[in-house]
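Here the structure comes first, spelled out in structure tokens, and everything after it is commentary.
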Amino acid sequence: MQVQIRCRTRVSLYRLIPAFPMRIASFRGQHTLTRRGFARKLHEGHTISIPAFESIDLQLTGGLFCPGACYLELDDAAIDVRDPRSVVKVVGGTASRVQYLRELISGTVFHHPQEAWNARLMADALDTTPDRIRTALFKQGAAFTQICRTQRLMRALFESMQCSLSVADLKARVGWADGRDLEASFYDWFGVSLQTVSRLREDSF
């Protein structure tokens, strides 16, 4: 999945946590990427690769008559419980298997956010138990509900950058059933409003 971003002002996006490796490329202007507490400039024509689950902040810079532009590209290869090749014994055993469980759940929720995912449904798909899933995730400092929430918000970000959607349509598309309002949760997480993100789409210029 790839999105193009254009901006005529300075816009900061906080806590981008991709479920897949991500590439960020600047093709107009100079932007700033903050990763692990360190900021670096992303110059025009440069590309940087971000590992899955690496939390980053991205500051976009553009001018009224010379908009900044970059693109985000997710390497969203089929990590999906619907794909039989992905369903392996991942709960219990080695640390790498536990890590893969997190990737599998995150990727599945990002690909199919509209479904009412819960630990029992995921456990059925993986032929295991909800408790074993929760225990395995706990070892990685993760929680099932937080993974679902984070990846639904990430999908909402990408959907908002791709096409014009009403808030109601966006909520349905990303399966937002959280008790908190999507607009408020989106702003709290990314530091920008849905309206601001909609103005970053290429077709809004």
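The values are calculated or read from the model by the stated rules, or taken from the named source; none is laboratory data. Note that the coordinates shown come from a computational prediction; the quantities given were computed from them, not determined experimentally. Note: ideal-geometry Cβ built from the backbone for every residue, glycine included; neighbour counts use all protein chains shown.
Checking each residue of region 184-194 against the condition of being over 28 Å from GLY68 (Cα atoms) and loosely packed, with under 13 Cβ neighbours inside 10 Å gives no match. Take SER96 and tell me if it is touching an Asp or Glu at 6+ places or on another chain (Cβ under 6 Å), over 20 Å from GLU159 (Cβ atoms) and either modelled with pLDDT of 85 or more or among the small types (Gly, Ala, Ser) (or both). Answer is no for this residue.
Limited to region 184-205, what total is found for residues that are under 16 Å from the mean Cα position of the chain (by Cα) and not in a loop (DSSP other than H, G, I, E, B)? Summing the residues that are under 16 Å from the mean Cα position of the chain (by Cα) and not in a loop (DSSP other than H, G, I, E, B) in region 184-205 gives 8.
Is it the case that some residue within region 26-38 is out of contact with any Phe, Trp or Tyr (no Cβ under 8 Å at 6 or more places or on another chain), within 14 Å of VAL197 (Cβ to Cβ) and either modelled with pLDDT of 90 or more or surrounded by 15 or more Cβ atoms within 10 Å (Cβ to Cβ) (or both)? No, every residue in region 26-38 fails to be out of contact with any Phe, Trp or Tyr (no Cβ under 8 Å at 6 or more places or on another chain), within 14 Å of VAL197 (Cβ to Cβ) and either modelled with pLDDT of 90 or more or surrounded by 15 or more Cβ atoms within 10 Å (Cβ to Cβ) (or both). What are the residues in region 138-166 that are more than 20 Å from LEU16 (Cα to Cα) and in contact with a Lys or Arg (Cβ under 8 Å, 6 or more places away or on another chain), if any? Of everything in region 138-166, those that are more than 20 Å from LEU16 (Cα to Cα) and in contact with a Lys or Arg (Cβ under 8 Å, 6 or more places away or on another chain) turn out to be SER164, LEU165.
Scanning region 4-19 for residues that are assigned to a loop (DSSP other than H, G, I, E, B) and either at pLDDT 90 or above or not β-branched (Val, Ile, Thr) (or both) yields ARG8, ARG10, ILE17, PRO18, ALA19.
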